[in-house]
Amino acid sequence: MKDSVRPARPHHKLTADGRRMREVLTYSRRGSRFTPRQAEAWAAHQAEWVIPDAAVDEPGFDLRTWFGREAPLIVEIGSGVGEATAALAAARPDHDVLALEVWIPGVADSLWRVAEAGASNVRFCSVDAVWFLEHVLAPESVSELWTFFPDPWHKKKHHKRRLVTPANAALAASRLRPGGVWRLATDWADYADQMVVVLDAEPGLEGGVVERWAERPITRFERKGLAVDRQITDLAYRRVR
C-alpha cells in the first residue's frame, strides 16, 4: 500500500500535549544487548537483509524493492530467533519471506541462521506486525501467514494483548490472497481454544486444528512447552472469500 502519509507507528504516537500515548500492544520490548555471535551476524547481514523501521514511513515504500524481485509473499509474525524462519524459507526459494520481529537480538540470531541455511529470500523488519499488515501490506497480497508460539499473555488481565482477536483475524484474512493460509501453533491450551473460537467466527477464514505441520522444525519455544508437558496445537485457516 503506497499511502502518501501513514499513521504513526506504535511507540511513536503522541497525545495532544506531546506525551507518548499508552497503547495495548501484542508484545513487550526486551533487552537489546548482543552476544558476540549476534553482533557478528548483524554486522555481516543487517545492511542487506534488515529493513530499517523508518523506511516504512517513507512515501512510496515498496516491499518488492527490498527483495529485488517480484515473488509470492509469506509473512511471519514473530520470528523469534529464526529457527522456523530459516528452515521454511530455505525450502521455498521461489517465495519471499518477510519476518516481523521486534526483539532485535532475536533478529540478529535469525540472520546467522538464515545465512547458514542459504535462505537469501528473507527480509526482517522490527515494526509492529498489526500496524504493518494494516498500513503497509495491500489487501490480498500475502500467500501465507505464519504465527508460531506467539506470546500467550496467560494472565487473564493481559488477554487483551493477545495477537489473535476478532479485529486482527479480520485484518489477516483481508491481507491473505484467496486460498492463502494462516498457520499458527501454540503450547497454551486456553490460547488454542481462543484461537479456534475467534478464527472460526471470521467469515473470511475456514479451517481449524490440524496435525502438526511436519515442515515446521521444533523450536526452542516448542521444546520449552514440551518440557513442562504442555500440548502443542497447530492450526491452519484458509482465506475463502
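Using only DSSP helix segments of four residues or longer, with each worth -39500 (n - 2.57), what per-residue ellipticity at 222 nm results for the chain after dividing by its residue count and rounding to 500?
Numbers: 8 runs with 79 residues, N = 241.
For the chain, the value works out to -9500 deg cm²/dmol.
Report the convex hull volume per residue for the chain, counting only C-alpha atoms, in Å³.
Numbers: hull volume 33.6 nm³, N = 241.
Measuring per residue, one finds 139 Å³ for the Cα hull of the chain.
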| note | Toy charge model, Lys and Arg Cβ at +1, Asp and Glu Cβ at -1: the chain dipole around Cα centroid in debye, rounded to 20, equals 760
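Show me the ranking of peptides 169-178, 198-207 by mean Cβ neighbours inside 10 Å, starting with the highest. Intermediate results must be reported in sequence, preceding the final value.
Values: 169-178: 19.2, 198-207: 17.3.
The densest-packed peptide leads the list: 169-178, 198-207.
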| message | Rounded to the nearest angstrom and ordered from largest down, what semi-axes does the equivalent ellipsoid of the stretch 52-145 get from its C-alpha gyration tensor (root of 5λ)? | response | 20, 16, 12
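For the stretch 111-241, what D do you get in µm² per second when you plug the Kirkwood radius from alpha-carbon pairs into Stokes-Einstein at 4 °C and 1.567 mPa s? Spell out each step's value before the answer.
Details: Rh = 15.7 Å.
Roughly 82 µm²/s, to the nearest whole number.
Tally the DSSP beta bridges in the chain and give the antiparallel ones as a percent, rounded to 5. Please report the intermediate quantities before stating the final value.
Numbers: 13 of 33 bridges.
Of all bridge pairs located within the chain, approximately 40 percent are antiparallel.
FYI, it's all coordinate maths here, none of it is from the lab. What you see is a predicted model, and the numbers here were worked out from it, not measured in a lab. Using ideal geometry, Cβ is built from the backbone for each residue, glycine included, and neighbour counts are taken over all protein chains shown.
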